[in-house]
1. Scan the stretch 1-44 residue by residue and report those that are open to solvent by less than 100 Å² (accessible area, probe 1.4 Å), aromatic (Phe, Trp, Tyr) and not in a helix (DSSP H, G or I).
2. Regarding Lys76, is this residue part of a loop (DSSP other than H, G, I, E, B), charged (D, E, K, R) and either touching a residue at least 24 places away in the same chain (Cβ under 8 Å) or open to solvent by 100 Å² or more (accessible area, probe 1.4 Å) (or both)?
Amino acid sequence: MEMVHVFLLTLYLGSGDQRKLVSQDMFFYDLRECNWYASEIVKRYGNYEFKAYLDPKDRATAYCLPKVVSKDIIGKTLKVY
């Protein structure tokens, strides 16, 4: 079984005790592409001038984590962008 390195994009909403993992199902071959999506997905738009006014439950954090997966499952049970 051949293995391959990919990057898993994880998204958390909230902060402190209210922080919750809301997504961990996007995989990327390229770290730069994963980081681009991570930076875009955490952007917030609204009627607040400063980030300090953003409700803590609406704060978002995204990470790209390296993972090793079987090449056999790519395209079958695992989509990699």
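The values are calculated or read from the model by the stated rules, or taken from the named source; none is laboratory data. Everything quoted here is computed from the prediction, not taken from an experiment. With ideal geometry, Cβ positions are generated from the backbone for all residues, glycine too; neighbour counts draw on all protein chains shown. Keep in mind that these areas ignore ligands, DNA and RNA; they rest on the heavy atoms of the full protein, side chains included. Shrake-Rupley method; radii C 1.70, N 1.55, O 1.52, S 1.80 Å.
1. Those that are open to solvent by less than 100 Å² (accessible area, probe 1.4 Å), aromatic (Phe, Trp, Tyr) and not in a helix (DSSP H, G or I): Phe7, Tyr12, Phe27, Phe28.
2. yes
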